1. List every residue pair whose Cβ atoms sit under 7 Å apart, with the two residues 6 or more apart in sequence or on different chains, where the first one lies in the stretch 172-188 and is modelled with pLDDT under 95 and the second, anywhere, is aliphatic (A, V, I, L, M).
2. Among the residues of the stretch 136-194, write down those that are in contact with a Leu (Cβ under 8 Å, 6 or more places away or on another chain) and either open to solvent by 60 Å² or more (accessible area, probe 1.4 Å) or assigned to a loop (DSSP other than H, G, I, E, B) (or both).
3. Determine, yes or no, whether residue 124 is at negative phi and at pLDDT 90 or above.
4. When the stretch 199-227 is examined, which residues are found to be open to solvent by 50 Å² or more (accessible area, probe 1.4 Å) and more than 19 Å from residue 138 (Cα to Cα)?
5. Residue check: is residue 155 closer than 26 Å to residue 108 by Cβ and either in contact (Cβ under 8 Å) with a residue 60 or more places away in the chain or over 21 Å from the mean Cα position of the chain (by Cα) (or both)?
6. Mind counting the residues in the stretch 200-220 that are touching a Ser or Thr at 6+ places or on another chain (Cβ under 7 Å) and not in a loop (DSSP other than H, G, I, E, B)?
7. Could you tell me whether any residue of the stretch 84-96 is under 20 Å from the mean Cα position of the chain (by Cα) and either in a strand (DSSP E or B) or loosely packed, with under 14 Cβ neighbours inside 10 Å (or both)?
8. Given the conditions (1) surrounded by 12 or more Cβ atoms within 10 Å (Cβ to Cβ); (2) at pLDDT 70 or above; (3) not β-branched (Val, Ile, Thr), report the number of the one that residue 67 does not fulfil.
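The values are calculated or read from the model by the stated rules, or taken from the named source; none is laboratory data. Bear in mind the structure is a predicted one, so any value in this text is a computation, not a measurement. Cβ placement follows ideal geometry from the backbone for every residue including glycine, while neighbour counts extend to all protein chains displayed. Only protein heavy atoms, including side chains, enter the accessible area calculation; ligands, DNA and RNA are left aside. Shrake-Rupley method; radii C 1.70, N 1.55, O 1.52, S 1.80 Å.
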Amino acid sequence: MSYIAMVLKATCLLLCVMAFTEGTTPKKCDILQPSDLKLSVTSRRNQTGHWIAQAMLKHKGQDVTGMQNEGLWSLDMDHTTVTCEGGETVVIVATVTAPPRKPSPNYELIPGLGYYKLHTEAKPWHDARQICAQEGAHLAIINSEEEAEELKAILARHPKILSDWRNEYAYIGMSDIRSEGDWITIFGQPLNTTGYMKWAPNQPDQGREGNCGLMQRTGGLHDVPCALAFPTFCEREL
């Protein structure tokens with residue numbers, strides 16, 4: 001969780017006045033790559049001696065995953081002049097606020113938490129992780145009781161996914177593949193620092209065979225062999 005109105009801040013400390021030219025719109029089309037963000041700031045004195053700052057923002061309408069951004073980018077400018085010991089410093093702060101990305105199809109927005117999708121087609125853990133990544137997301141990481149309750153509610157809307165005991169579980173983004181008994185998230189964060197480490201009774205219990213993590217319908221965490229196929233929770237932060 002936690003990813004994403006993206007906020008970029010560019011602070012320009014101008015110790016001398018930059019040359020200003022009228023007309024900052026380019027004469028021809030600039031070809032930007034999906035991850036490009038170009039922010040330029042210029043300043044000048046007008047005829048009355050006041051400082052004027054002008055900013056130009058250029059960005060591509062897609063992010064690196066190819067998903068369109070929702071809404072418009074915004075640019076806020078703050079411009080001050082500071083005099084200290086006879087010297088004059090122009091401070092221009094440009095704050096760029098980018099909207100959240102649109103999710104892939106069938107992702108559900110849970111306000112304040114992120115976008116979630118339950119893949120009901122059972123897959124092994126490593127395959128499930130790749131599927132989430134292909135959608136610009138990742139295996140879900142539970143960071144709070146609130147988030148666990150939301151995932152439980154999503155599972156409850158699908159009471160019969162599989163016809164055997166696996167129907168009670170879904171893969172999430174934790175494992176002890178790297179070191180036996182050392183449970184971490186897919187981003188390397190220790191599980192005991194995520195904000196949610198509610199193992200079900202007598203769990204983990206699979207020893208060296210159970211290297212991948214599940215969430216039960218009750219909210220409890222389990223370990224199983226990674227080759228077993230289960231439904232999967234994918235997550236993409238705001």
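1. 178/184
2. 140, 142, 146, 150, 158, 183, 186
3. On the way: at negative phi: yes; at pLDDT 90 or above: yes.
Yes; evaluated as a whole, the condition is true for this residue.
4. Going through the stretch 199-227, the residues open to solvent by 50 Å² or more (accessible area, probe 1.4 Å) turn out to be 199, 201-202, 204-206, 208-209, 218, 227.
Across the stretch 199-227, the qualifying residues are 199, 201, 202, 204, 205, 206, 208, 209, 218.
5. Against the criterion (closer than 26 Å to residue 108 by Cβ and either in contact (Cβ under 8 Å) with a residue 60 or more places away in the chain or over 21 Å from the mean Cα position of the chain (by Cα) (or both)), residue 155 qualifies.
6. The qualifying residues number 2.
7. Let us first name the residues in the stretch 84-96 that are under 20 Å from the mean Cα position of the chain (by Cα), namely 95-96.
Pick out the ones that are also either in a strand (DSSP E or B) or loosely packed, with under 14 Cβ neighbours inside 10 Å (or both) and you get 95-96.
Yes - at least one qualifying residue is present in the stretch 84-96.
8. Of everything listed in (1) surrounded by 12 or more Cβ atoms within 10 Å (Cβ to Cβ); (2) at pLDDT 70 or above; (3) not β-branched (Val, Ile, Thr), residue 67 misses just condition (2).
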